[in-house]
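The values are calculated or read from the model by the stated rules, or taken from the named source; none is laboratory data. Quick caveat: nothing in here was measured; it's all calculated off a predicted structure. Here the Cβ positions follow ideal geometry from the backbone for every residue, glycine too, while neighbour counts run over all protein chains shown. With ligands, DNA and RNA removed, areas are computed over all heavy atoms of the protein, side chains included. Shrake-Rupley method; radii C 1.70, N 1.55, O 1.52, S 1.80 Å.
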Amino acid sequence: MKNIAPIKECPHCGSDEGYYTKMQVTGSVRYHIGFDGSERDNGDMYEHLTHKGGKVAYCSDCKKKLFKLN
Ligand SMILES: [Zn+2]
């Protein structure tokens, strides 16, 4: 999933650092560990989680509201 922002920089502080969105994540994950203690492939760790929110983008620097995400 790729969201291209409608703006190139923050209109409030001029930062081009990026933006963040607030999400609520619920669910449980399976974390795989080998019998020798090594970490196994956990690439799908977050696939079973439910995401809520993520509707509004905020500036990474000044934390002000930027735009709505679809
Ligand atoms: Zn800003």
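The single condition from (1) open to solvent by 80 Å² or more (accessible area, probe 1.4 Å); (2) away from the ligand (no atom under 16 Å from the Cβ); (3) of a type outside the set (Ser, Thr, Tyr) that VAL25 fails is (1).
When both residues are 6+ apart or on different chains and their Cβ atoms are under 6 Å apart, which pairs have a first residue that lies in segment 8-30 and is under 27 Å from LYS52 (Cβ atoms), and a second that is open to solvent by 90 Å² or more (accessible area, probe 1.4 Å) and part of a strand (DSSP E or B)? As it stands, the answer is MET23/HIS51; GLN24/LYS52; VAL25/HIS51, since those pairs meet every condition given.
Kindly evaluate GLU9 against the criterion of being in contact with a strand residue (DSSP E or B) (Cβ under 8 Å, 6 or more places away or on another chain), in a loop (DSSP other than H, G, I, E, B) and open to solvent by 100 Å² or more (accessible area, probe 1.4 Å). It is false that GLU9 is in contact with a strand residue (DSSP E or B) (Cβ under 8 Å, 6 or more places away or on another chain), in a loop (DSSP other than H, G, I, E, B) and open to solvent by 100 Å² or more (accessible area, probe 1.4 Å). Kindly indicate whether ASP36 is in a loop (DSSP other than H, G, I, E, B), at pLDDT 90 or above, among the charged types (D, E, K, R) and more than 19 Å from the chain's Cα centre (by Cα). Yes: the conditions hold for ASP36. For ALA57, all conditions in the list (1) within 16 Å of the ligand (Cβ to nearest atom); (2) small (Gly, Ala, Ser); (3) part of a loop (DSSP other than H, G, I, E, B) hold save one; what is the number of the exception? Here ALA57 clears every test but (3). Taking residues in segment 46-66 that are without any contact (Cβ under 8 Å) to a residue 12 or more places away in the chain, and partners anywhere that are of a type in the set (Gly, Ala, Ser), the pairs with Cβ atoms closer than 9 Å and at least 6 places apart or on different chains are LYS65/ALA57.
Residues in segment 30-40 include none that are touching a strand residue (DSSP E or B) at 6+ places or on another chain (Cβ under 9 Å) and small (Gly, Ala, Ser).
Answer yes if at least one residue in segment 4-14 is away from the ligand (no atom under 16 Å from the Cβ), out of contact with any Cys (no Cβ under 9 Å at 6 or more places or on another chain) and at pLDDT below 95, and no otherwise. So far as segment 4-14 goes, yes, one or more of its residues are away from the ligand (no atom under 16 Å from the Cβ), out of contact with any Cys (no Cβ under 9 Å at 6 or more places or on another chain) and at pLDDT below 95. Looking across TYR46, TYR31, one residue alone is over 17 Å from the mean Cα position of the chain (by Cα), of a type in the set (Ser, Thr, Tyr), part of a loop (DSSP other than H, G, I, E, B) and more than 16 Å from the ligand (Cβ to nearest atom). It is TYR31.
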